[in-house]
Amino acid sequence: MIKARIRGIYSQSLTQIMLQNHFDVVQPTPEVARRFGLPYRSDIPDVDIWDRSDLQGIVAIAYESVLTRLTDVLRRRLGGVITRTPRVAKSSVYKGIVLGKDERTGQTKVDLGTILGLLPDRGLQKGQHTMVQIRAHDYGRKAPVLSSSITIPGQAVVLLPEPVVRLSTKIKDQESRRNLLFLGRKIREHTENWGILWRTAAEKLTEEELRDEVDDLLDIAQQVFNKYNEQDSAGILFEGTSNADIEFPLEVKNALDKTRAKIKPTIARHHFYKSAGYASLVDLAEMIIEDRPEERSYVTSKLEKVVSRDLPRVDDSINIEHVKLDGRNIVLARGRVAETTSRGFTIRRQFRHTNRKLKMTQDSYEAVDVASSEGDYAMTLVVPGALSLVTNYYSREGHLKGTYVNVNTGVEVYPSNGNSPGRIRYIDLEIDVVKAPITEEPRIIDQHLLKKAVQRGFITNEMADQSRSKAQVLFDELKKSDEIGSDFL
């Protein structure tokens, strides 16, 4: 079975899902071990899972086959998970062919067989073969960064291309550090020019296990160099592990809430509140509910009251975080809350640029400009949880010039935080519906981008079909009327 180590605010829900889908959970936290009756196992995990820095999902590191299995399980259990994996795995080693200088970056372009990479200029000649390793990637938006300094990573050891012995900075115990340094120096006497880096997992293994892993990695290193000499074309020589960026939109957080509720008392919107910075408050509320379940409604109402104090009000500044499927987080021009209703609120954004272009791109890739003037403004209708965002564009005199409807994951409204204003956040599902100029027929745009997102594995075909269906419904509504109201969303 696949061994998983899980940390962070999603750990209990994910542990439940992993155990039900034939994963082993190793090195569990004390709370998870107690809740699930798991013995502590110090096994090295096949996949490491922890929170993203913004708490909007998780990062998982494993070999590609393991990440594929993990993604399949999460999508089957939770629905609309957004998954971003690099086209080439970090630490993978390739035989590359030099293509020449990249004019934009000044680096050397290298053909890896399936993708081009960029190597710091080392005076290599066009057509020359070279061994390179993936040092950095960003999920397919740019060429991966390469290095000609080759390492061979294992679970507890990394072979280094210089005769040294080093330790992970995460190994804190002084006795462990001394023992590993001593062992590393003894082993180094038989590794020729390879050095040794002890990873964190080395603390938990015996001397025999560490020696065996070093021997295995030395064999792999020899195989890599043999393959390089035998292989005529560009291609992979050694597969490294990949980092998967797995994002949880609103619908997935809600599904995780339901999963967690089967384990222990869980308030509604548990994972949203934790991602919004209310972890301590949520933990306190759920501790009280666990001891006094009859107080659930009272405790939940008080929590909601505390959070509501920080939510946007009329005249408050507010940001719109427009997250692309490839991971880019685009913050649109800041607006102000113009009006609130029982269903949501309206954001007004003023445009100062006289040649601002309203994106009205058709499937033909040809941009259609809508004349804009100083003082034009936009009114964006926000309904929490809605799968679309409607923006109406007006002239300075208040005449409706066009309507733009974004198809997205459920809209989340985040409270203000210190000096930072409140924000709305959603993941753009690429396809949109446009009616502009307002006298023209509406049209559905950017369907080619939705198709590319499926090809890159960011979303499934099922998610794409749901987006197309939503766009069609919005298109039909815009054919009837120039504007879409909150009751329709």
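Give the angle, between 0 and 90 degrees and rounded to the nearest 10, that separates the Cα long axis of helix 11-20 from the longest principal axis of the Cα atoms of the chain. Result, in degrees: 70.
Out of Val25, Ile263, Ser147, whose Cα points farthest toward the positive end of the dipole of the chain (charges: +1 Lys, Arg; -1 Asp, Glu; placed on Cβ)? Positive-end residue among those listed: Ile263. 3J(HN,Hα) couplings calculated from phi for segment 117-133 with the Karplus curve 6.51 cos²θ - 1.76 cosθ + 1.60 (θ = phi - 60°) are, in sequence order, x, 10, 10, x, 4, 10, x, 6, 9, 4, x, 6, 8, 8, 8, 9, 10 Hz; Gly and Pro show x.
Size descriptors for segment 384-489, from the alpha-carbon set: Rg then Dmax equal 15.2, 45 Å. Overall, segment 317-480 carries a charge dipole of about 420 debye about its Cα centre when +1 sits on the Cβ of Lys and Arg and -1 on the Cβ of Asp and Glu, all other atoms neutral.
Whole Å is fine, so just give me how far the alpha carbon centre of segment 111-189 lies from that of segment 38-83. Each part's Cα centre sits 24 Å from the other's.
If you build the convex hull over the alpha carbons only and average its shadow over all orientations, what do you get for segment 152-240? Give it in nm² to one decimal.
On the way: hull surface 23.9 nm².
Dividing the Cα hull surface by four gives the mean projection, 6.0 nm².
Both radii are taken from the alpha-carbon atoms of segment 93-147; with Rh as the Kirkwood radius, Rg/Rh is 0.92.
Dipole size in debye (nearest 20) for segment 152-240 around its Cα centre, Lys and Arg Cβ +1, Asp and Glu Cβ -1? It works out to roughly 600 debye. Pairs of alpha carbons in segment 206-365 separated by more than 19 Å make up 76% of all such pairs. Placing a label point 7 Å from the Cα of Val59 along the Cα-to-Cβ direction, the residues of segment 320-351 whose backbone N falls under 17 Å of that point are 327-329.
Please grab the % of Cα pairs in the chain that end up more than 29 Å from each other. Could you put the intermediate results ahead of the total?
Numbers: 72613 of 119316 pairs.
Beyond 29 Å sits 61 percent of the P(r) for the chain.
Were the residues from Lys186 through Val473 laid out at 0.36 nm apart, the gain over their Cα-Cα distance would be 96.4 nm.
Placing +1 on each Lys and Arg Cβ and -1 on each Asp and Glu Cβ, with no other charges, gives segment 93-147 a dipole about its Cα centre of roughly 20 debye.
If you average 1/r over all unlike Cα pairs in segment 135-204 and invert the result, what Kirkwood radius do you get in angstrom?
Values: mean 1/r = 0.0748 Å⁻¹.
Taking the inverse mean of 1/r over all distinct Cα pairs, segment 135-204 comes out at 13.4 Å.
Rounded to the nearest 10 degrees, the inclination of helix 64-78 to the longest alpha-carbon principal axis of the chain is 30 degrees.
Where does the charge balance sit around Ser92 when Lys and Arg score +1, Asp and Glu -1, over other residues with C-beta under 12 Å from its C-beta?
+2
Among the trypsin sites (Lys or Arg not before Pro) in segment 79-115, those placed in a DSSP loop whose Cβ has at most 12 other Cβ atoms within 10 Å are Arg104. Segment 252-288 and segment 395-452 have their alpha-carbon centroids 29 Å apart. Fraction of C-alpha pairs exceeding 19 angstrom in segment 195-290: 67 percent, rounded to a whole number.
Using 0.36 nm per residue of separation minus the Cα-Cα distance, give me the extension gain between Ala136 and Arg313 in nm, one decimal.
Numbers: separation 177, 0.36 × 177 = 63.72 nm, distance 4.22 nm.
That pair, Ala136 and Arg313, stretches by 59.5 nm at full extension.
Note on segment 317-480: Rg/Rh from C-alpha atoms, Kirkwood Rh, equals 0.95. All other residues whose Cβ lies under 12 angstrom from that of Pro28 are scored, Lys and Arg at +1 and Asp and Glu at -1, for a net of +3. For segment 317-480, the residue among Leu474, Ile444, Val405 whose Cα projects farthest onto the positive side of the dipole built from Cβ charges is Val405.
Secondary-structure-derived ellipticity at 222 nm for the chain, considering helices only, amounts to -9500 deg cm²/dmol, per-run term -39500 (n - 2.57) for DSSP H runs with n ≥ 4.
Values in this text are rule-based calculations from the coordinates and carry no lab data. Keep in mind the model is a prediction, meaning the values are calculated, not measured. We place every Cβ from the backbone using ideal geometry, glycine too, and count neighbours over all the protein chains shown.
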